[in-house]
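The values are calculated or read from the model by the stated rules, or taken from the named source; none is laboratory data. Being a predicted model, the structure only gives us computed values, none of them experimental. Neighbour counts are summed over all protein chains in view; Cβ atoms, including those assigned to glycine, are modelled from backbone coordinates with ideal geometry. What goes into the accessible areas is simple: the full protein's heavy atoms, side chains included, and nothing from ligands, DNA or RNA. Shrake-Rupley method; radii C 1.70, N 1.55, O 1.52, S 1.80 Å.
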Amino acid sequence: MTEIIIVKSQEEAGEIYARCTADLIRRKPDCVLGLATGSSPLAAYQALADLVPKERIDVSQVRGFALDEYAGLDPAHPQSYRSTIDRTVVEPLGLDPAKVRVPNGNLDTIKDAGRVYDQAIEDAGGVDLQILGIGTDGHIGFNEPGSSLASGTRIKTLTEQTRIDNARFFDNDMDQVPTHCITQGIGTILKARQLVLLAFGAGKAEAVAESVEGGISSFCPASALQMHPHATVIVDEAAASRLRNRDYYKWAYANKPDWQSI
């Protein structure tokens, strides 16, 4: 069952994620975190980075797997997801870089990179907590509309809209945005034991409504979260504006037992 939490700000959403993740690390010091890039998770990572030293949380054994990577982009490029994960997660949290993996976008080996990555996740015992963002077209990871809901990690061609959305990270120059990527598949994502999806702003409202209250369909890849036994969607008022049952979601969260976490 998907839990919907409507918050007032990205900071509030980040605090919810941080609390959940900190508690997980305390219970399981060598837990495996699923890591997403983009703007949506930034407040969550910052909140966790603030919590780690404050509560003296030992993160030395924490492992991580990123959702995706651009194909053919040098890992040293500032907008590669290797660089982004290092900059926004590994360094602020003080994680061991050797324990955090990103899909290999090297064109010489990309043919087998998906299979290798999925095997690495399995060998690590699976992802304990996967953070997700959502695209304006409903994609999660780089699983564009039409993606198989059972897909594993593989090469995907990005839609024009996704490349337009991501051009802001490349000096607003579409020509710099890669056309292909390697991404965890929806089937891979659904194997994580817990999912937390964050979405903010009116631009995500339609995708959120379709994902949460629409039918399960490859047309909206994020709708697959409805099939997950432990998924939480955290959105601000703007992103929740098209949800028909938003009053109920607010009521349910306000009356949640104190002992029950997300």
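Judged by the gyration tensor of its Cα atoms, with axes a ≥ b ≥ c, region 193-245 is oblate; a/c meets the 1.5 cut and b/c is at least as large as a/b. From the alpha carbon centroid of region 57-83 to that of region 168-208 is 15 Å.
When the helices in the chain are scored as -39500 (n - 2.57) per DSSP H run of 4 or longer and the sum is shared across all residues, what 222 nm value do you end up with, to the nearest 500 deg cm²/dmol?
-9000 deg cm²/dmol
Counting only protein heavy atoms and using a 1.4 Å probe, the accessible area of Asp118 comes to about 40 Å².
Simple rule: put +1 on each Lys or Arg Cβ and -1 on each Asp or Glu Cβ in the chain, find the dipole, and look at Leu195, Val177, Tyr117; the Cα lying farthest toward the positive end is Leu195. For the chain, the solvent-accessible area of protein heavy atoms averages 46 Å² per residue (probe radius 1.4 Å; ligands and nucleic acids excluded).
Evaluate 2.2 N^0.38 Å with N set to the residue count of region 106-262, then give the Cα radius of gyration divided by it.
Details: Rg = 16.7 Å, N = 157, 2.2 N^0.38 = 15.0 Å.
Relative to the rule-of-thumb radius for its length, region 106-262 sits at 1.11.
If one computes P(r) from the Cα atoms of region 162-203, what percent of pairs lie at distances over 16 Å? Intermediate values should be presented prior to the final figure.
Numbers: 511 of 861 pairs.
Within region 162-203, distances greater than 16 Å cover 59 percent of Cα pairs.
In terms of accessible area, using a 1.4 Å probe and ignoring ligands and nucleic acids, Asp58, Asp68 rank largest first as Asp58, Asp68. Exceedance of the 30 Å cut-off in Cα-Cα distance is limited, within the set Lys28/Lys191; Lys99/Lys250; Lys99/Lys256; Lys156/Lys191, to Lys99/Lys250; Lys99/Lys256.
Which value, in debye to the nearest 20, describes the size of the charge dipole of the chain about its Cα centre when Lys and Arg Cβ atoms bear +1, Asp and Glu Cβ atoms bear -1, and nothing else is charged?
It comes to approximately 580 debye.
Taking a sphere under 14 Å around the Cβ of Leu95 and counting the other residues whose Cβ falls inside, with K and R at +1 and D and E at -1, yields a net charge of 0. For region 217-225, backbone phi angles converted through the Karplus equation (6.51, -1.76, 1.60; θ = phi - 60°) give residue-by-residue couplings of 7, 5, 4, 10, x, 5, 5, 4, 4 Hz, Gly and Pro being listed as x.
The slack in the chain from Arg115 to Glu91, taken as 0.36 nm per residue of separation less the alpha-carbon distance, amounts to 5.8 nm. Once Rg and the Kirkwood radius are both taken over the C-alpha atoms of region 1-44, their ratio Rg/Rh works out to 1.00. Considering only alpha-carbon pairs that sit under 8 angstrom and 6 or more positions apart, the relative contact order computed for region 80-185 is 26 percent.
Considering only DSSP beta bridges whose two residues both sit in the chain, what percent are antiparallel, to the nearest 5? Around 30 percent of the beta bridges assigned by DSSP in the chain are antiparallel ones.
Do me a favour and compute the ellipsoid semi-axes for region 102-163 from its Cα gyration tensor, root of five times each eigenvalue, largest one first, whole Å.
Numbers: eigenvalues 89, 54, 20 Å².
Its equivalent ellipsoid spans semi-axes of 21, 16, 10 Å.
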